[in-house]
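Scroll down for the structure; my scribbles are underneath it.
Every number in this text was worked out from the coordinates using simple rules, so none of it is lab data. All values derive from a computational prediction rather than experimental measurement.
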Ligand SMILES: Nc1ncnc2c1ncn2[C@@H]1O[C@H](COP(=O)(O)OP(=O)(O)O)[C@@H](O)[C@H]1O
Ligand SMILES: [Mg+2]
């Protein structure tokens with residue numbers, strides 16, 4: 001198994017006491033698989049993802065129990081350096097809001113290239129070429145001309161493609177996408193989601209997709225976990241879910257339902 005989260009507990013220590021945000025969550029995702037995580041706002045979806053990525057706000061947050069097995073090694077017991085390396089090289093996260101995730105004063109080419117300079121020791125020139133290649137890969141029109149543009153010069157959909165490109169740069173084994181299309185127009189949502197699903201299949205990555213879009217779930221997920229109040233209340237292959245109607249989720253015509261909340 002690529003990622004196996006077992007009985008994870010996360011608490012926040014606040015002035016008003018301890019908040020048990022994640023109360024024994026277990027889920028897993030294998031290479032080439034998509035796990036959709038559903039659940040109402042505040043149910044612990046993002047906090048679980050942050051714990052897996054090692055970007056929990058600590059303090060006030062704290063992992064209070066459980067295991068996060070990445071290829072059979074518990075990330076919670078690794079030393080800082082090892083954990084940082086796995087997080088940097090093998091996992092990537094895509095957030096809802098690309099504008100706040102990208103640096104506003106650096107060109108997108110510089111930010112994409114930084115991945116290759118820092119992690120691969122490439123020269124500026126080679127890194128820039130890789131940045132253009134990635135921008136092409138996520139189908140940003142005229143990538144070569146736009147590589148020196150800044151985040152605010154791109155539309156929301158194009159910025160989210162840049163986020164996907166950043167996530168893909170080091171060819172991670174696992175991507176966690178936390179409501180990656182929620183901030184986008186409905187038509188653009190479908191395009192960005194289709195791109196992400198396509199790249200996930202091509203690179204055979206594990207994908208954890210946090211979403212409230214049941215259409216997306218039916219189209220791309222292999223299995224789902226439904227969270228409620230810090231717990232998983234439903235864990236099933238997507239073919240067993242009530243809204244699922246076709247033999248292969250990938251052959252279904254694209255349909256999108258409005259958000260449930
Ligand atoms: N920085 C924080 N300080 C205190 N409590 C927090 C913090 N971040 C999250 N929480 C708690 O964790 C719960 C789950 O949050 P979250 O995982 O972001 O929900 P969602 O399912 O909407 O992604 C929240 O309802 C809140 O009580
Ligand atoms: Mg969230």
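Once a ≥ b ≥ c are taken as the square roots of the eigenvalues of the Cα gyration tensor of region 139-212, is the result rounded (a/c under 1.5), prolate (a/b larger than b/c) or oblate (a/b not larger than b/c)?
Values: a/c = 1.97, a/b = 1.27, b/c = 1.55.
It is oblate, given that a/c is not under 1.5 and a/b is not larger than b/c.
Cα-based Rg (one decimal) and Dmax (whole number) for the chain, in Å?
Both quantities, over Cα of the chain: 18.3, 53 Å.
Per 0.36 nm of contour for each residue apart, how much would the distance between residue 236 and residue 13 grow if the chain were fully extended, relative to their Cα-Cα spacing?
Details: separation 223, 0.36 × 223 = 80.28 nm, distance 3.23 nm.
Stretched out fully, the residue 236 to residue 13 stretch lengthens by 77.1 nm.
Determine how many Å³ per residue the convex hull of the Cα atoms of region 100-171 encloses. Walk me through the numbers on the way to the answer.
Details: hull volume 5.5 nm³, N = 72.
Per residue, the Cα convex hull of region 100-171 comes to 77 Å³.
Would you calculate a helix-derived [θ] at 222 nm for the chain, using -39,500 (n - 2.57) for each DSSP H run of n ≥ 4 and dividing by the full residue count, to the nearest 500? Working shown, then result.
On the way: 9 runs with 93 residues, N = 261.
Counting only the DSSP helices, I get -10500 deg cm²/dmol.
With the calculation restricted to Cα positions, what are the radius of gyration and Dmax of region 1-117 in angstrom?
Computed over the Cα atoms of region 1-117, radius of gyration and Dmax are 15.7, 45 Å.
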